[in-house]
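K.L.:
Here's a structure for you.
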Amino acid sequence: DKPALQPLPQVPYQYRDWSKAKIHIDYHFVFKEHFYSVPYNYIHREVELCTTATTVECFYQGKRIAVHARSYARYQFTTLAEHMPPNHLAYAEWSPERMRRWAKKIGPQTAAFIEHMILSRPFAQQAMRSCLGLLRMGKRFGDERLEKACSIALAAGATRYQHVESILK
C-alpha cells in the first residue's frame, strides 16, 4: 500500500449536518437556538442548512444564499446588514410602532415590557418575533393576566417573553 499513499489533506475533515428551516418574517432562521439572517426576499421560504462546528450555510433550491460563522450563543442574532430590506419595507406592517400600539391597548406594563424588548436588540426588527409571541399571549391568557405578568416580570428584572410565559403558566 505504501506506493499508493498520498499526503493528508491540508484542512482537517469537518463533519457536516444537513437540516431544514423556515425563514421567518424578520428574515432569520433558527439553528440550535441562535438566529441567522438571510436576504430578506426569502421570507416564508423553506431552506436547507449545512452546518459544521464552525459554519452555518443556508441553501435555497440548491443555491447558497447565506453563510455565517457558527455561534453557540443562545437566543442571539447573527445579522448581516446586506440581508436587510431597504427600510424594512418588506414587512412594514409589523413595525415596532405597531407592536407598541398593540401593547398600549393591553396596558402600560405590557407596553413597558415590549419597549424593553425592542431596545434590547441592535435592530428593532430583531425583536418582532418575541414581541409577537408576547402579545399573542394576551389572546391565550387574557389581556388582564398578561398585564399583571408583565408587571411581575419587570419588577423581577426579567427580559424575555419566555419569563412572562412561565409567570402566566
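The values are calculated or read from the model by the stated rules, or taken from the named source; none is laboratory data. Bear in mind that the values here come from a model prediction, so they are computed numbers and not experimental data. Positions of Cβ are generated from backbone atoms using ideal geometry, with glycine treated the same way; all protein chains shown enter the neighbour counts. For the accessible areas, the whole protein counts, side chains as well, though only heavy atoms, and no ligand, DNA or RNA atoms are used. Shrake-Rupley method; radii C 1.70, N 1.55, O 1.52, S 1.80 Å.
K.L.:
Is there any pair with a first residue in segment 50-64 that is surrounded by fewer than 10 Cβ atoms within 10 Å (Cβ to Cβ) and a second that is modelled with pLDDT under 95 whose Cβ atoms are under 9 Å apart and which are 6 or more apart or on different chains, and what are they?
P.N.:
Thr54/Gln14
K.L.:
Additional query: Checking the structure you have, find out if any residue of segment 135-147 is in contact with a Pro (Cβ under 9 Å, 6 or more places away or on another chain) and over 18 Å from His28 (Cα atoms).
P.N.:
yes
K.L.:
What pairs come out if I take residues in segment 141-169 that are loosely packed, with under 13 Cβ neighbours inside 10 Å and pair them with residues that are of a type in the set (D, E, K, R) and in a helix (DSSP H, G or I) whose C-beta lies under 8 Å away, six or more apart or interchain?
P.N.:
Every condition considered, no pair remains.
K.L.:
Sort out which residues of segment 144-164 are under 17 Å from Ala127 (Cα atoms) and among the basic types (Lys, Arg), and write them in order of number.
P.N.:
Of everything in segment 144-164, just one residue is under 17 Å from Ala127 (Cα atoms) and among the basic types (Lys, Arg), namely Arg160.
K.L.:
Taking into account only those residues within segment 123-139 that are in contact (Cβ under 8 Å) with a residue 12 or more places away in the chain and out of contact with any helix residue (DSSP H, G or I) (no Cβ under 6 Å at 6 or more places or on another chain), which is most open to solvent (accessible area, probe 1.4 Å)?
P.N.:
The qualifying residue most open to solvent (accessible area, probe 1.4 Å) is Phe123.
K.L.:
With the requirement that a residue be of a type in the set (Val, Ile, Thr) and in contact with a helix residue (DSSP H, G or I) (Cβ under 9 Å, 6 or more places away or on another chain), what does segment 1-29 give you?
P.N.:
If the condition is that a residue be of a type in the set (Val, Ile, Thr) and in contact with a helix residue (DSSP H, G or I) (Cβ under 9 Å, 6 or more places away or on another chain), then Ile23, Ile25 are the ones that fit.
K.L.:
Consider Phe35 carefully, then state whether it is modelled with pLDDT under 95, part of a strand (DSSP E or B) and within 18 Å of Ser130 (Cβ to Cβ).
P.N.:
Against the criterion (modelled with pLDDT under 95, part of a strand (DSSP E or B) and within 18 Å of Ser130 (Cβ to Cβ)), Phe35 qualifies.
K.L.:
Find the residue count for segment 1-32, including only residues that are outside any strand (DSSP E or B) and of a type in the set (Phe, Trp, Tyr).
P.N.:
Adding up the residues that qualify gives 3.
K.L.:
Having 1 or more residues that are basic (Lys, Arg) and at pLDDT below 90 is the bar; report the helices (runs of 4 or more DSSP H) wholly within segment 43-156 that clear it.
P.N.:
96-106, 128-141
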